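Each value in this text was obtained by applying a stated rule to the coordinates, not by laboratory testing. Model, not experiment: these values are computed from the prediction. Please note: Cβ atoms are built from the backbone with ideal geometry, for glycine as well, and neighbour counts cover all protein chains shown.
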Amino acid sequence: MKSIIKAVVLFVLIASTAYIAFNYAPIEKSMGVIQKIFYIHIACAFSAFVAFGTCFYANVRYVFTRQPKADWLGVAAAEVGLTFILVVLISGPIWAHPVWGIWWTWDARLTLTFVLGLLYVSYLLLRSMIEEPDKRALFSALFGIFAFLDVPLVYFSIRWWRTQHPQPVILGGAGSGLEPRMRVAYLLMWGALTGLLILLLNARYKLEALRASVEELRREAEVQ
Amino acid sequence: MKNLDSVLAAYLAGWAIFFLYYVSVARRMSSLRDEVERLKALVSKGK
């Protein structure tokens, strides 16, 4: 019941932030209404970074402590982060097509983001291929630490290389920044998506804890 | 308004992905709960 209430509150929050993004934030002059994709695209990208950062923290923690809880948090954060990066990879081309005239180009930012998604798909595949729990947790933690190296590359790619992708408007230094009402709409959207991130992370963590109980019970049943 | 359909498509795709993911987690959770009950019964029968 508690989780249903949380989901309903979150739904209302997300719906109202989307309403604010459409009605309160002004229409951008050069791109027009298509720029409204910015609010979900960038907020999902930052939320994905938070999820992958959580996965990295859990992976490092597992390597040093070998606590199963760190492994559960690692896999939960990887899967939730992958969901957010999928939204980024779908909303990006929808935005790019009318603005650039193409759906996709293999520039540094787009390629590295695509690779980021593939790395975390590999992380989950690796886990499904190893049956022994301790070995699975250790190997995936080491792979997860390696996979996280792509996150700073994605973030800094538009600063380090010339790309088709626009230069940063958030934390982009002098000359960058958002119109005040756009900033409010963006921050509200990011806040709502962070709430969604926490809800999904919590649910996925509980699922992994339950899976561990099932594995333990299976071993117990086999011994008998 | 030009490109409004693209904006709606991007938002709907985003919400659909999150919704489907949440449903997938809930379904996996429910199937694991059933498995826990089944295994608990099996273990207690064996004792």
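Taking the number of Cβ atoms within 10 Å of each Cβ as an exposure proxy, the fewest-first ranking of A:Thr17, A:Thr194, A:Thr113 is A:Thr194, A:Thr113, A:Thr17.
With all pairs of different alpha carbon atoms counted, what Kirkwood hydrodynamic radius in Å does chain A show? Write out the running numbers ahead of the final one.
Details: mean 1/r = 0.0523 Å⁻¹.
Averaging 1/r across every pair of different Cα atoms and inverting gives 19.1 Å.
Mean per-residue shielding of peptide A:200-212 is 3, counting Cβ atoms of other chains within 10 Å of each Cβ.
Beyond 16 Å, what share of the Cα-Cα pairs of segment A:100-214 is found? Please give it as a whole percent. Write down the numbers at each step before the final one.
Numbers: 4889 of 6555 pairs.
Value for segment A:100-214: 75 percent of Cα pairs lie more than 16 Å apart.
Please list A:76-86, A:138-148 highest first by mean number of surrounding beta-carbon atoms within 10 Å per residue.
Working: A:76-86: 25.4, A:138-148: 20.3.
Result, highest mean first: A:76-86, A:138-148.
Span-like helix criteria (full DSSP H runs; alpha carbon extent of at least 27 Å along the helix axis; mean Kyte-Doolittle hydropathy of at least 1.6) are satisfied in chain A by A:2-23.
Which whole number gives the average count of other chain Cβ atoms within 10 Å of the Cβ atoms across peptide A:27-39?
Details: counts 1, 0, 0, 0, 1, 5, 7, 7, 2, 7, 8, 2, 3.
Partner Cβ neighbours, averaged per residue: 3.
Using C-alpha pairs under 8 Å with a sequence gap of at least 6, the mean separation divided by the residue count of chain A gives a relative contact order of 30 percent. Only lysines eight or more places from A:Lys6 in sequence, or on another chain, were considered; those with a Cα closer than 21 Å are A:Lys206. Counting only lysines at least 8 places from A:Lys29 when in the same chain, those with an alpha carbon closer than 24 Å to its own are B:Lys2. With N as its number of residues, chain B has a Cα radius of gyration that, divided by 2.2 N^0.38 Å, comes to 2.16. Within segment A:91-183, the trypsin sites (Lys or Arg not before Pro) that combine a DSSP coil assignment with at most 14 other C-beta atoms in a 10 angstrom radius are A:Arg162.
For trypsin sites (Lys or Arg not before Pro), the sites in segment A:1-72 that DSSP calls loop and that have at most 13 other Cβ atoms within 10 Å are A:Lys29, A:Arg66.
Taking the beta-carbon count within 10 Å as an exposure proxy, list A:Tyr19, A:Tyr205 from fewest neighbours to most.
Details: A:Tyr19 11, A:Tyr205 19.
Placing the least packed residue first, the sequence is A:Tyr19, A:Tyr205.
Excluding same-chain neighbours fewer than eight residues apart, the lysines reachable from A:Lys135 by a Cα-Cα span under 18 Å are A:Lys69.
Across peptide B:17-25, what mean number of C-beta atoms from other chains lies inside 10 Å of a residue's C-beta?
Details: counts 7, 13, 2, 1, 10, 8, 0, 4, 9.
Mean shielding by partner chains, rounded to a whole number: 6.
Once you reduce segment A:1-60 and chain B to the center of their Cα atoms, the two points are 20 Å from each other.
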